[in-house]
1. How would the stretch 92-184 be classified by its alpha-carbon gyration tensor: rounded, prolate or oblate, with rounded meaning a/c under 1.5 and the a/b versus b/c comparison settling the rest?
2. At 0.36 nm per residue, and after removing the present C-alpha to C-alpha distance, how many nm does the segment from ASP31 to LYS122 gain when stretched out fully?
3. Going highest first, how would you order 231-239, 179-187, 287-295 by mean Cβ packing within 10 Å?
4. Say each of LYS95 and ARG48 gets a label point 7 Å from the Cα, pointing the same way as Cα to Cβ; how far apart are those two points in nm?
5. Using 1/(1 + (r/R0)^6) with R0 = 22 angstrom and r between the beta carbons of ALA296 and ARG262, what's the FRET efficiency to the nearest 0.05?
6. Averaged per residue, what accessible area in Å² does the stretch 1-102 show with a 1.4 Å probe, protein chains only?
7. Using per-residue counts of other Cβ atoms within 10 Å, averaged over each peptide, order 248-261, 109-122 from highest down.
8. Report the relative contact order of the chain, percent, no decimals, based on alpha-carbon pairs under 8 angstrom and at least 6 residues apart.
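The values are calculated or read from the model by the stated rules, or taken from the named source; none is laboratory data. Note that the structure is predicted; figures quoted are calculated from it, not measured. Every residue, glycine as well, gets a Cβ built from its backbone with ideal geometry; the counts of neighbours run over all protein chains shown. Keep in mind that these areas ignore ligands, DNA and RNA; they rest on the heavy atoms of the full protein, side chains included. Shrake-Rupley method; radii C 1.70, N 1.55, O 1.52, S 1.80 Å.
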Amino acid sequence: SPNGFILGKPGRGKSVKAKNTIMWTLLTDPDAEVIVLDPEREYINLAREFDGEIVQISGDSGTYINPFDLEIAQGEAPLAMKTDAVISMVEMMAKSLTEMQKSLVDRAVSRVYDRYFETHDKSDFPTLTDFYTELMSQPEEAGKILATTIERYVNGQASLFNHATNVNIDRRFVVYDLRDCADNMKGLALLILLDNTWQRIVRNRERGIRTWLFIDEMQLLFEHEYAISYFDALWTRSRKYGAIPTGITQNIERVINNDKTRLMLANSDFLVLLGQSASDAAALGEVIKLSEQQIAYLRNAAPGEGLLVA
């Protein structure tokens, strides 16, 4: 599996390493497509230099991504991964979900796509409003309670993702700029953009195109267990779809302390380990079986120095 991580303390060179990898990819593989989820506006200058598309995600940007966009590919069960993504999204909105609520979300997702599956017209993709209405129409009181809980994402100040997609994201290099997205929305935005990228990965597999995905500040996805499960499923399935995801984070403790993300780290065949704190270096050494000498090197590495595990 070519999946990878770039890990290190702040100022140790994570973004520089990611940018170098992106440049190398764009210059040596004319068919590859590169997508960057960029919470801190680290990559927009690179996108400009390579004639890429910069998509700003914020409450007043006027650019929108619909979380209910769906790609249908031969041999796929398109609603399976989408349902997991929507459950993760709603869990982030509501802070937690009961098993009954998850079942109601599952049911509502399957119903809001009825018209689209009849017409196969992308203008018939549902929106968050359609999903909210479907929840409200459920006979169980739990559906109405859940709909009310997420109502501010439908009609309120947080309704950023209740619009049809209105940007062209088909260029081979796309950077999603989340710098001006409200901090309490960044985790949700990353999850929605991750799922939107998955739709592109599915389409690119049909075209024989390899997709490189870089997720900066990926620890923002780890606030909810269901989001981690969704991310883990994407991480596991990517290789068979010709995709190469790379996670970038300074918060190594959150990666190591969760069983699923720890396993993702252990099963990745490309790791860039830049300078680490003493505790993070020791924990990484345990997960990926580093020697004491290698652990000591990580503790004392200067900016731009570290270990490459491949």
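1. Details: a/c = 2.28, a/b = 1.29, b/c = 1.76.
In terms of gyration-tensor shape, oblate.
2. 30.2 nm
3. Highest to lowest by the protection proxy: 231-239, 179-187, 287-295.
4. 4.1 nm
5. Values: r = 22 Å, r/R0 = 1.01.
According to the calculation, E is roughly 0.50.
6. Value for the stretch 1-102: 42 Å² per residue.
7. Values: 248-261: 18.1, 109-122: 13.8.
Per-residue Cβ counts within 10 Å, averaged per peptide and sorted highest first, yield 248-261, 109-122.
8. 32 percent
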